[in-house]
Amino acid sequence: MCCKDNHTHKGIVVVMATMFVCLCISCQRDVQLRTDAVHDRAALPVLEATDVMTLISDSGVTRYRIKAPSWRIYDKATPAYWEFVEGICLEQFDEDLSIQASLDADYAYYNEDAQIWQLKGNVKSLNREGEQFETSELYWNQNTERVYSDSAIVITRATSIIHGIGFESNQEMTKYTILNPTGVFPINE
(Lines give C-alpha, C1' and ligand atoms only; values in the text may rest on other atoms or scores of the structure.)
Protein backbone atom coordinates (compact mmCIF):
# COMPACT_ATOMS: atom_id res chain seq x y z
CA MET A 1 0.00 0.00 0.00
CA CYS A 2 2.86 2.39 0.68
CA CYS A 3 4.32 1.75 -2.76
CA LYS A 4 0.95 2.46 -4.30
CA ASP A 5 0.73 5.81 -2.45
CA ASN A 6 4.32 6.64 -3.40
CA HIS A 7 3.54 5.89 -7.06
CA THR A 8 0.46 8.11 -6.82
CA HIS A 9 2.56 10.88 -5.31
CA LYS A 10 5.08 10.59 -8.14
CA GLY A 11 2.22 10.80 -10.67
CA ILE A 12 0.84 13.88 -8.98
CA VAL A 13 4.29 15.48 -8.93
CA VAL A 14 4.77 14.77 -12.66
CA VAL A 15 1.32 16.17 -13.51
CA MET A 16 1.95 19.24 -11.35
CA ALA A 17 5.40 19.80 -12.89
CA THR A 18 3.92 19.48 -16.40
CA MET A 19 1.17 21.96 -15.56
CA PHE A 20 3.74 24.37 -14.09
CA VAL A 21 5.89 24.19 -17.25
CA CYS A 22 2.82 24.70 -19.47
CA LEU A 23 1.71 27.61 -17.31
CA CYS A 24 5.15 29.22 -17.51
CA ILE A 25 5.29 28.80 -21.29
CA SER A 26 1.77 30.22 -21.55
CA CYS A 27 2.69 33.20 -19.35
CA GLN A 28 5.80 33.86 -21.40
CA ARG A 29 3.73 33.75 -24.59
CA ASP A 30 1.20 36.19 -23.07
CA VAL A 31 3.98 38.51 -21.96
CA GLN A 32 5.49 38.36 -25.45
CA LEU A 33 2.13 39.10 -27.06
CA ARG A 34 1.52 42.02 -24.72
CA THR A 35 5.03 43.33 -25.34
CA ASP A 36 4.53 43.13 -29.12
CA ALA A 37 1.19 44.93 -28.87
CA VAL A 38 2.76 47.89 -27.06
CA HIS A 39 6.04 47.78 -28.96
CA ASP A 40 4.99 50.53 -31.41
CA ARG A 41 3.74 53.21 -28.99
CA ALA A 42 3.35 55.69 -31.87
CA ALA A 43 0.53 53.56 -33.28
CA LEU A 44 -1.51 53.86 -30.08
CA PRO A 45 -3.52 56.92 -29.10
CA VAL A 46 -2.69 58.51 -25.75
CA LEU A 47 -6.33 59.62 -25.60
CA GLU A 48 -9.40 58.10 -27.18
CA ALA A 49 -12.69 59.76 -26.36
CA THR A 50 -16.21 59.19 -27.65
CA ASP A 51 -19.20 61.52 -27.87
CA VAL A 52 -17.04 64.58 -27.27
CA MET A 53 -18.53 68.02 -26.72
CA THR A 54 -16.20 70.73 -25.51
CA LEU A 55 -16.43 74.50 -25.20
CA ILE A 56 -13.53 76.88 -25.81
CA SER A 57 -13.51 80.30 -24.21
CA ASP A 58 -11.45 83.44 -24.69
CA SER A 59 -11.11 85.85 -21.75
CA GLY A 60 -13.97 84.09 -19.95
CA VAL A 61 -16.36 84.31 -22.94
CA THR A 62 -17.45 81.08 -24.66
CA ARG A 63 -16.39 81.35 -28.31
CA TYR A 64 -16.41 77.82 -29.79
CA ARG A 65 -18.04 74.44 -29.40
CA ILE A 66 -16.49 71.27 -30.80
CA LYS A 67 -18.56 68.11 -31.16
CA ALA A 68 -17.23 64.77 -32.38
CA PRO A 69 -18.35 61.14 -32.08
CA SER A 70 -14.71 60.03 -31.74
CA TRP A 71 -11.43 61.85 -30.97
CA ARG A 72 -8.00 60.22 -30.88
CA ILE A 73 -4.71 61.89 -29.97
CA TYR A 74 -1.44 60.26 -31.12
CA ASP A 75 1.24 62.13 -29.17
CA LYS A 76 4.12 59.71 -29.88
CA ALA A 77 3.62 59.58 -33.66
CA THR A 78 5.85 61.57 -35.97
CA PRO A 79 4.32 64.05 -36.48
CA ALA A 80 2.00 64.04 -33.47
CA TYR A 81 -1.62 64.28 -34.60
CA TRP A 82 -5.27 64.25 -33.66
CA GLU A 83 -7.81 62.24 -35.62
CA PHE A 84 -11.59 62.51 -35.81
CA VAL A 85 -12.48 59.40 -37.83
CA GLU A 86 -16.25 59.82 -37.46
CA GLY A 87 -16.35 63.52 -38.26
CA ILE A 88 -16.29 66.83 -36.46
CA CYS A 89 -18.54 69.86 -35.98
CA LEU A 90 -17.11 73.24 -34.95
CA GLU A 91 -19.38 76.17 -34.10
CA GLN A 92 -18.36 79.76 -33.38
CA PHE A 93 -20.52 81.89 -31.08
CA ASP A 94 -21.12 85.61 -30.76
CA GLU A 95 -21.44 87.34 -27.37
CA ASP A 96 -25.11 86.21 -27.08
CA LEU A 97 -24.07 82.56 -27.68
CA SER A 98 -25.82 82.52 -31.06
CA ILE A 99 -24.03 80.45 -33.71
CA GLN A 100 -22.26 82.89 -35.99
CA ALA A 101 -20.20 80.44 -38.09
CA SER A 102 -19.86 76.65 -38.38
CA LEU A 103 -17.77 73.92 -39.97
CA ASP A 104 -18.70 70.24 -40.46
CA ALA A 105 -16.76 67.35 -42.03
CA ASP A 106 -16.98 63.55 -42.17
CA TYR A 107 -13.29 63.22 -41.18
CA ALA A 108 -10.68 65.52 -39.64
CA TYR A 109 -6.92 65.21 -39.10
CA TYR A 110 -4.85 67.77 -37.18
CA ASN A 111 -1.04 67.83 -37.48
CA GLU A 112 0.11 69.29 -34.15
CA ASP A 113 3.63 70.18 -35.33
CA ALA A 114 2.59 72.03 -38.50
CA GLN A 115 -0.72 73.20 -36.96
CA ILE A 116 -2.62 72.22 -40.10
CA TRP A 117 -6.13 70.79 -40.18
CA GLN A 118 -7.23 68.51 -43.02
CA LEU A 119 -11.00 68.10 -43.35
CA LYS A 120 -12.44 65.52 -45.73
CA GLY A 121 -15.82 64.29 -46.91
CA ASN A 122 -18.89 66.52 -47.12
CA VAL A 123 -17.04 69.55 -45.79
CA LYS A 124 -19.53 72.35 -45.17
CA SER A 125 -18.78 75.73 -43.71
CA LEU A 126 -21.01 78.69 -42.97
CA ASN A 127 -19.25 82.04 -42.50
CA ARG A 128 -20.46 85.05 -40.48
CA GLU A 129 -21.94 86.61 -43.61
CA GLY A 130 -24.22 83.61 -44.19
CA GLU A 131 -22.26 82.22 -47.14
CA GLN A 132 -22.25 78.41 -47.36
CA PHE A 133 -19.07 76.64 -48.62
CA GLU A 134 -19.23 73.00 -49.75
CA THR A 135 -16.24 70.90 -50.84
CA SER A 136 -14.80 67.40 -50.48
CA GLU A 137 -11.50 68.49 -48.90
CA LEU A 138 -10.32 71.57 -47.04
CA TYR A 139 -7.11 72.60 -45.27
CA TRP A 140 -6.72 75.18 -42.51
CA ASN A 141 -3.22 76.37 -41.59
CA GLN A 142 -3.42 77.95 -38.15
CA ASN A 143 0.09 79.45 -38.44
CA THR A 144 -0.67 81.40 -41.60
CA GLU A 145 -4.39 81.78 -40.74
CA ARG A 146 -5.26 80.56 -44.25
CA VAL A 147 -7.90 78.12 -45.51
CA TYR A 148 -7.40 76.46 -48.91
CA SER A 149 -8.41 73.58 -51.16
CA ASP A 150 -7.60 72.14 -54.59
CA SER A 151 -10.99 70.38 -54.78
CA ALA A 152 -14.24 71.43 -56.40
CA ILE A 153 -16.11 74.00 -54.33
CA VAL A 154 -19.62 75.45 -54.32
CA ILE A 155 -20.26 78.75 -52.54
CA THR A 156 -23.87 79.69 -51.97
CA ARG A 157 -24.35 83.40 -51.38
CA ALA A 158 -27.51 85.46 -50.92
CA THR A 159 -27.70 86.39 -54.60
CA SER A 160 -25.59 83.78 -56.42
CA ILE A 161 -24.00 80.34 -56.41
CA ILE A 162 -20.33 80.15 -57.38
CA HIS A 163 -18.73 76.93 -58.67
CA GLY A 164 -15.01 76.44 -58.98
CA ILE A 165 -11.97 74.24 -58.55
CA GLY A 166 -9.67 75.29 -55.71
CA PHE A 167 -9.81 78.34 -53.49
CA GLU A 168 -7.87 80.30 -50.90
CA SER A 169 -9.28 82.31 -48.02
CA ASN A 170 -8.62 83.97 -44.70
CA GLN A 171 -9.54 81.76 -41.74
CA GLU A 172 -12.87 83.53 -41.26
CA MET A 173 -13.70 82.63 -44.89
CA THR A 174 -14.85 86.18 -45.59
CA LYS A 175 -12.10 87.19 -48.06
CA TYR A 176 -11.61 84.42 -50.61
CA THR A 177 -10.42 83.75 -54.15
CA ILE A 178 -11.73 80.98 -56.39
CA LEU A 179 -8.69 79.70 -58.30
CA ASN A 180 -10.54 78.25 -61.31
CA PRO A 181 -14.14 79.48 -61.41
CA THR A 182 -16.42 77.28 -63.50
CA GLY A 183 -19.64 79.25 -63.12
CA VAL A 184 -21.51 81.96 -61.29
CA PHE A 185 -25.24 81.48 -61.25
CA PRO A 186 -27.61 84.19 -60.03
CA ILE A 187 -30.44 83.18 -57.71
CA ASN A 188 -33.85 84.45 -58.73
CA GLU A 189 -35.90 85.87 -55.88
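The values are calculated or read from the model by the stated rules, or taken from the named source; none is laboratory data. Everything numeric in this text was worked out from a predicted model, so none of it was measured. Cβ atoms come from the backbone with ideal geometry, glycine included; neighbour counts cover every protein chain shown. Only protein heavy atoms, including side chains, enter the accessible area calculation; ligands, DNA and RNA are left aside. Shrake-Rupley method; radii C 1.70, N 1.55, O 1.52, S 1.80 Å.
Can you give me the P(r) profile for the stretch 40-189? Cα pairs, bins 10 angstrom wide beginning at 0, each as a whole percent. Answer for the stretch 40-189: a P(r) of 11, 36, 35, 15, 3, 0 percent.
May I ask you to derive the relative contact order of the stretch 37-88, considering only C-alpha pairs under 8 Å and at least 6 residues apart, and to give it as an integer percent? List each step's numbers first, then the result.
Details: 92 pairs, mean separation 18.2, N = 52.
Over the stretch 37-88, the number comes to 35 percent.
Placing dummy labels 7 Å off each Cα toward the beta-carbon, the span from Val85 to Ser136 is 2.2 nm. With both labels modelled 7 Å from their Cα along Cα-to-Cβ, the Asp96 to Ile56 distance reads 2.4 nm.
Each of Ser98, Ser160, Ser136 was placed along the dipole of the stretch 49-189 (beta-carbon charges, centred on the mean Cα), and the one lying farthest toward the positive end is Ser136. The simple Förster model, with R0 at 25 Å and r as the Cβ-Cβ distance, assigns Thr144 and Asn180 a FRET efficiency of 0.70.
Counting only protein chains, not ligands or nucleic acids, how are Trp117, Trp71 ordered by accessible area (probe 1.4 Å), most first? Mind showing how you got there, number by number?
Numbers: Trp117 25, Trp71 50 Å².
I get Trp71, Trp117, largest accessible area first.
Each residue of the stretch 158-166 is assigned a 3J(HN,Hα), and the resulting list reads 4, 10, 7, 10, 10, 10, x, 10, x Hz, derived from the Karplus form 6.51 cos²θ - 1.76 cosθ + 1.60 (θ = phi - 60°), x at Gly and Pro.
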